[in-house]
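S.K.: Structure in structure tokens, see below.
Derivation of every value follows stated rules applied to the coordinates shown; laboratory data play no part. Computed from a prediction, not measured in an experiment: that's the story for all the values here. Here the Cβ is made from the backbone with ideal geometry for all residues, glycine too, and neighbour counts use every protein chain on show.
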Amino acid sequence: MKLWGGRFTKPTNQLVDEYTSSISFDQQMWRQDIVGSLAHVAMLGKCGILPMEEVRQIIAGLKKVKDKIERGQAEFLVAHEDVHMNIEKMLIEEIGPVGGKLHTGRSRNDQVATDMHLYLREKLMEIIQLAMYLQEALLEKAGQHLDTVMPGYTHLQRAQPVLFGYHLMAYVSMLQRDIERMTETWKRVNVLPLGAGALAGTTFPIDRAFVAELLQFDGIYQNSMDAVSDRDFIVEFLADSAILMAHLSRLCEELVIWSSQEFSFIELDDEFCTGSSIMPQKKNPDVAELVRGKTGRVYGNLFGLLTVLKGLPLAYNKDMQEDKEGMFDTVATLHGALALLTPMISTMQVKADRMRQAVTQDFSNATDLADYLVRKNMPFRQAHEVVGKAVLYCIENNKYLLDMSLAEFQSFSGVIGEDVYEALAVETVVNARNVLGATARGQVEEQIKVFRKHLEQTHDWVEKNSQKVMIESLIDVGSPA
């Protein structure tokens, strides 16, 4: 008999059990479910809704269930539908009918919502920390390459020389926005729905603030109907994750390109590459490619949940069971990508000589020649045309700008002097861009300082909030004094 089966005259069809069951995936929230139940029953005792003797029995039983699950001695059954009913069944088997009193004053609707809030705030903290580790690895690598010059690109065509450290700092900046988005999302995640009941609250005189305090939630849903039907916090997490994966995918695309023989700007460590089953010479950047590929599934998880929610009337609907698998999958995908990319970046070999060679064999200093002419009082549009003609001349004569003699330069403009060679030198070109946010060495050093400060602030935020997400430290929340 189902725990809710009193008004039914037939058992559920086995196909219905299999189709509607969520235990195959939501059992990973068993710790959260037990912690939420411990806080709930402690509140029932505090408010005099259950006698303290029964509260103690239920708490002891829940902790036995926890121990059995940890030892692998508990079996989650499809017949019991989900993690909540499975744990309640285990509790009743452990301590008898008094275990059935645990559900007093709550519904599975607010129970599952609470579990997901507890789960996601823990995983959100982990992902923020992993993003910080990647940010730290990029900052460290950028600091090592303040004198390594590489081509900067637009349209994947060489544009202007930049420092390799500067290029990496762009990804540090992206990750900073990702981290800030996720710390903002935390505010919506760390809100308690428990006590909302099925949709309209409960007739029992519960104390929701006490439960929020025990579980270290920063707020409580003010409307019970919203509490059980809200999945905005998951949508927001999935949106944050989709943007983060877009950034990781862009980084991985560059790692793939840079490690190709055509570019040969970097070499990834053997630990993070694979070989070919037929071509012995191959060293494939499979990890970077797979991060790039898995970005699509994170996008899909976001669009999937938005589609589930778009036409649902209030309050809870069974459709909302579809909120979990995409969330679990996104957490796992992000966790794996961030955990792998950090050591990949740290161990990446940078071929500075090859990068510099690339910069000296292109026309990425052409803008600087135009700027040089502007400083000689030539209008920029005229300077642009003059340099364009000079570049065409070089292409036709198989040379680069710095290969031209002074006479050749002056054939395009008489204002060009000997100082043109210094103006077009690689280091000059890079360090001439000495405004806030630019690629000059001093500016990149300043960027590193700024983002290290951001990193310190995020560390402080994590330290302040990390205790709230430590499930093991919350196991004793229900222990009565």
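S.K.: Using label points projected 7 Å from each Cα along Cα→Cβ, tell me how many nm separate I220 and M52, to one decimal.
M.R.: So the label points at I220 and M52 sit 2.3 nm apart.
S.K.: Determine the distance separating the Cα centre of the stretch 267-297 from the Cα centre of the stretch 397-439; give it in Å without decimals.
M.R.: Result: 40 Å between the Cα centres.
S.K.: What's the whole-number percent of alpha carbon pairs in the chain lying beyond 32 angstrom?
M.R.: It works out to 55 percent of all Cα pairs.
S.K.: For the stretch 366-423, compute the orientation-averaged projected area of the C-alpha convex hull (one quarter of its surface), in nm².
M.R.: 3.3
S.K.: Enumerate the residues in the stretch 417-434 having an amide nitrogen under 12 Å from the point lying 7 Å beyond the Cα of E446 toward its Cβ.
M.R.: 433-434
S.K.: Okay, next question. Roughly what angle does helix 441-465 make with the longest principal axis of the chain, taking Cα atoms, 0 to 90 degrees, to the nearest 10?
M.R.: Computed tilt is about 0 degrees.
S.K.: Of H155, H103, H335, how do they rank once you tally other Cβ atoms within 10 Å and put the fewest first?
M.R.: Fewest to most other Cβ atoms nearby, the residues stand as H155, H335, H103.
S.K.: Under the definition of Cα pairs under 8 Å and six or more residues apart, what whole-number percent is the relative contact order of the chain?
M.R.: Over the chain, the number comes to 19 percent.
S.K.: Further question: At q = 0.18 Å⁻¹, what is the log10 ratio I(q)/I(0) for the stretch 73-156, with the Debye formula run over Cα points and no solvent?
M.R.: Normalising to I(0) and taking log10 leaves -0.94.
S.K.: Mean projection of the alpha-carbon convex hull of the stretch 266-394 over all orientations, in nm²?
M.R.: 16.5
S.K.: Subtracting the Cα-Cα distance from 0.36 nm times the residue separation, let me have the gained length for E93 to A170 in nm, one decimal.
M.R.: Computed gain between E93 and A170 is 22.0 nm.
S.K.: K310 versus L436, label points 7 Å from Cα toward the beta carbon: distance in nm?
M.R.: In this crude label model, K310 to L436 measures out at 4.2 nm.
S.K.: Give the peptides 261-269, 22-30 in descending order of average Cβ contacts within 10 Å, highest first.
M.R.: Output ranking for 261-269, 22-30: 22-30, 261-269.
S.K.: Right, next: For the stretch 268-327, state which GluC sites (Glu not before Pro) are in a DSSP loop and have at most 13 other beta carbons lying within 10 Å of their beta carbon.
M.R.: Here no loop site has a sparse enough neighbourhood.
S.K.: Between the stretch 65-132 and the stretch 171-210, how far is it from one alpha carbon centroid to the other, in angstrom?
M.R.: Here the two parts' Cα centres lie 18 Å apart.
S.K.: Could you work out how far helix 324-347 tilts from the main Cα principal axis of the chain, as a 0 to 90 degree angle to the nearest 10?
M.R.: It works out to around 40 degrees.
S.K.: Related question: Within a 10 angstrom radius of the beta carbon, how do E53, E385 rank from fewest other beta carbons to most?
M.R.: Listing E53, E385 from fewest to most nearby Cβ atoms yields E53, E385.
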